[in-house]
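These notes concern the structure reproduced below.
A short reminder: the numbers here are calculations on the coordinates, not readings from a lab. Computed from a prediction, not measured in an experiment: that's the story for all the values here. Because the Cβ atoms are built from the backbone with ideal geometry, glycine has one as well, and the counts that use them run over all protein chains shown.
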Ligand SMILES: Cc1cc2nc3c(=O)[nH]c(=O)nc-3n(C[C@H](O)[C@H](O)[C@H](O)COP(=O)(O)OP(=O)(O)OC[C@H]3O[C@@H](n4cnc5c(N)ncnc54)[C@H](O)[C@@H]3O)c2cc1C
């Protein structure tokens, strides 16, 4: 299939892109790497009247840093993060994640901002930025910037908090300390495919950060605050035991006959109660494996 006819414009700057979006009144799409939008156009799942090409737009490839965060322009590609062109303020989590996104030809063109704006719940960046507590910076037009918490950015599958005429310009990633350790587990059928489940665990004792996330669910990724508190207070082994219960998977009975695998007590209301047992189990498995990776990393 071929796309429906559209008007093509190339924006020279973020400001111009925002103006062209506003002019289009909701029937205009930005084109970044084209790795998600291209197939959607060809399948006519997207039928914009105008495409605004932002690949060379000024303002999307800026880097900025201070003691607490590192800001990455939305126009950087997955491959540039993978290759270390962009500093990794997390001590390796960003680079580790990019290596598993699709395959190299897609990583060469696909952008960080495009992935976040596309908002596929199975995509890595959506989960990673939420797990890290990153901030998404959007250009509202007229030089105004809006900052959105990445863990509240998704409204649902393929739906974000961006308005129709906003351009995602950068992502502010919190800087982790040298003591920080992480685990990331993508559960998928074969390398290069989208995730069936994502688990991420981040622990930074110096900064008091403990965050655990289940991703690739049917909407926004979910944080597991009870599991994260166990991680901070009692360590990875105790945290791993809380995962299934917090997600809402019926915990398997303890072989000792004393209640559930969650340590014998419920850990609070389930965060994904609507998932089937099989779907919940996939997420619990990915999160537990991420925590086990973290455990190993903490020993090194
Ligand atoms: C075969 C295949 C396998 C893939 N596997 C994976 C995978 O395993 N994991 C994964 O995470 N991803 C995967 N992807 C998606 C890939 O990572 C894309 O790069 C990414 O989803 C979109 O980035 P892009 O720059 O190409 O955006 P585009 O395709 O150009 O745009 C995507 C959407 O975002 C909007 N947009 C783009 N930039 C901005 C911006 N700055 N501000 C506001 N809106 C914007 C566009 O208007 C469009 O609606 C896969 C893609 C393919 C084709």
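Results, tabulated for the structure shown:
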{"read-out": "Rough spin-label spacing in nm, given labels placed 7 Å along Cα→Cβ, for residue 188 and residue 53", "value": "2.8"}
{"read-out": "Whole-number percent relative contact order across the stretch 7-53, with pairs defined as alpha carbons under 8 Å at least 6 apart", "value": "56"}
{"read-out": "Largest-first ellipsoid semi-axes for the stretch 63-174, taking √(5λ) over the Cα gyration tensor eigenvalues, angstrom", "value": "20, 16, 13"}
{"read-out": "Hull volume in cubic angstrom per residue (convex hull over the Cα atoms of the chain)", "value": "135"}
{"read-out": "Fully extended contour minus Cα-Cα distance, from residue 45 to residue 274, at 0.36 nm per residue", "value": "79.7 nm"}
{"read-out": "Inter-site label distance for residue 5 and residue 234 at 7 Å from Cα along Cβ, in nm", "value": "6.7"}
{"read-out": "Percentage relative contact order, the chain, counting C-alpha pairs under 8 Å, at least six apart", "value": "15"}
{"read-out": "Distance (nanometres) between label positions extended 7 Å along Cα→Cβ at residue 106 and residue 298", "value": "3.3"}
{"read-out": "Whether the stretch 7-53 is rounded, prolate or oblate, judged on the alpha carbon gyration tensor where a/c under 1.5 counts as rounded", "value": "oblate"}
{"read-out": "Degrees separating the helix 236-247 axis from the principal Cα axis of the chain, which is the longest one", "value": "70"}
{"read-out": "Relative packing of peptides 90-97, 212-219, 179-186, 103-110 - highest average C-beta neighbours within 10 Å first", "value": "212-219, 179-186, 90-97, 103-110"}
{"read-out": "The chain: angle of helix 14-24 to the longest principal axis, Cα-based, in degrees nearest 10", "value": "80"}
